[in-house]
Amino acid sequence: MKLQTNSLFAALLCGVLFLAAGSAGAQEAAPAKNTVRPEIGKPIQAAIDLIKAKKGKEALAKVHETDAIGDKTPYETYLIQQLLGQAAAIAGEAVAAAHAFEAAAASPQAKDNEKLQFLAAAASQYYVARDYAKCAETASHYQKDGGTEKSVRTLQIQSLYLGNDFARAGHELQADLLADEQAGKTPTEDRLQLLSSVAQKQQDNAGYANALEKLVAYYPKRDYWLAVIYATASRANFSDRLSLDLGRLKLATNTMRSTGEYVEMAQLSLQAGFPAEAKKIVDQGYAAGLLGSGADADRHKRLRDLTAKNVAEDRKTLGQDDAQAASAKDGTVLFNTGFNYVLNGQSDKGLEMMESALKKGGIKRLDDARLHIGYAYHFAGQEAKAAHHFKSVQGNDGTAALARLWVLHVGQGG
């Protein structure tokens, strides 16, 4: 999360300077309790002029001329603290500036809106000083007193993160995310990036994957898809049998990156009995320039020839076992036969068979079947039905995690 601290400080403090200048220049019109004695007013006015000229050290020297003057009124002290804070900030003395602004905020002379300005300024200066614990504490104080400036909230969360308080940073980020979503607002990309980083710092793999899911949901960039697919496959409970399903998602999201991925996926598809899909994978590998060249070009050609041969053989026999599949005791064979029809471009017939197989029941891995029929509907271009089936997947072995990503993908136009 990037913070423009200089701009933030300038925005927060423009009102502070106005308050100080107005207070020093309106002595005659102000009530008696808000007057400034000449011996204090003169160096204060000089300090204001120097602050306007961005001469911090000189302004500090002028403000410090009031140190020797005794019996200051609460109002004079309040005004001096304001100017000390501004002058110290311009002079690069962030800690001194933060202390002065906190003192101004604590003054009984400060109105509610002024108090919030000073607390925001103090938080900003603690951040500049890299005192992240005090920055987070002051920002929290600001919010409890009714402050709503988003930049101060950003300072708080960033300070928790930089101060290695990842648990609290994550808690605050999740609260903001929930509030945004409940309000129908899109969470900012930098907040979601920070949430993913917080999860990584805590070695929370599930939390990291969830944060990445939010990123691809709102900001579907290829880099985020790469990251979330890798994180999903890296979960401890992700089953190896889902390798082909993972590859299907990679193909759909344009996140296949290597020759090996194309080769492995094509081989898995052949082993599963879907040569038409295997041929499509190989063809896409050639189109991407990752197959057909280099030292393994001959191997790739053999794979291409093999898939073409298997497709030809499969299409010769396609339909011969339909009756047997329909009469089987459970729906497993019928389901796989229908899936093969879909992959061969006969979507209507194949999807009808798959739906019938689900109704028949007896399928051993029901969540796998739900994932596959969702993919089949996506393959057929029927995204609403695809999403419906993907949302029904509940397995904790990686099937539901893949299905959630498919829901995001088809919702973005497939």
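Summary of values
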read-out: Packing-based order for 322-330, 301-309, using average beta carbon neighbours within 10 Å, highest first; value: 301-309, 322-330
read-out: Helix axis angle, 94-106 relative to the chain longest principal axis, alpha carbon, degrees; value: 70 degrees
read-out: Amide hydrogen neighbours beyond the local backbone of Gly292, cut-off 5 Å, H modeled; value: His300
read-out: Using θ = phi - 60° and Karplus 6.51 cos²θ - 1.76 cosθ + 1.60, couplings along segment 238-245 (whole Hz; Gly, Pro as x); value: 6, 7, 5, 5, 8, 4, 5, 5
read-out: Dipole of the chain, positive direction: furthest Cα of Thr337, Leu251, Gln202, with charges on the beta-carbon; value: Thr337
read-out: Cross-link table Lys309/Lys360; Lys57/Lys134; Lys316/Lys385; Lys62/Lys150; Lys301/Lys349; Lys360/Lys391, entries beyond 27 Å C-alpha to C-alpha; value: Lys309/Lys360; Lys316/Lys385; Lys62/Lys150; Lys301/Lys349
read-out: The chain: angle of helix 205-218 to the longest principal axis, Cα-based, in degrees nearest 10; value: 90 degrees
read-out: Charge dipole (debye, nearest 20) of segment 324-414; +1 at Cβ of Lys and Arg, -1 at Cβ of Asp and Glu; value: 160 debye
read-out: Charge dipole of the chain about the Cα centre (unit charges at C-beta), most positive-ward option of Leu119, Gln346, Gln412; value: Gln346
read-out: Percent of C-alpha pairs per 10 Å bin, the chain, short to long; value: 4, 17, 20, 14, 11, 10, 9, 7, 5, 2, 0
read-out: Dipole magnitude (debye, nearest 20) for the chain, charges at Cβ of Lys, Arg, Asp, Glu; value: 680 debye
read-out: Value of relative contact order over the chain, rounded to a whole percent, pairs C-alpha under 8 Å and six or more apart; value: 8 percent
read-out: Contact order normalised by residue count of segment 88-144, Cα under 8 Å, 6+ apart, percent; value: 32 percent
read-out: Principal-axis tilt of helix 259-271 within the chain, Cα atoms, nearest 10 degrees; value: 40 degrees
read-out: Normalised contact order of segment 143-248, rounded percent, pairs of Cα under 8 Å and 6 or more residues apart; value: 17 percent
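Here, each number is a calculation from the coordinates, and none is a lab measurement. All values reported here derive from a predicted model rather than from experimental measurement. Glycine gets a Cβ as well: all are built from the backbone with ideal geometry, and neighbour counts include every protein chain shown.
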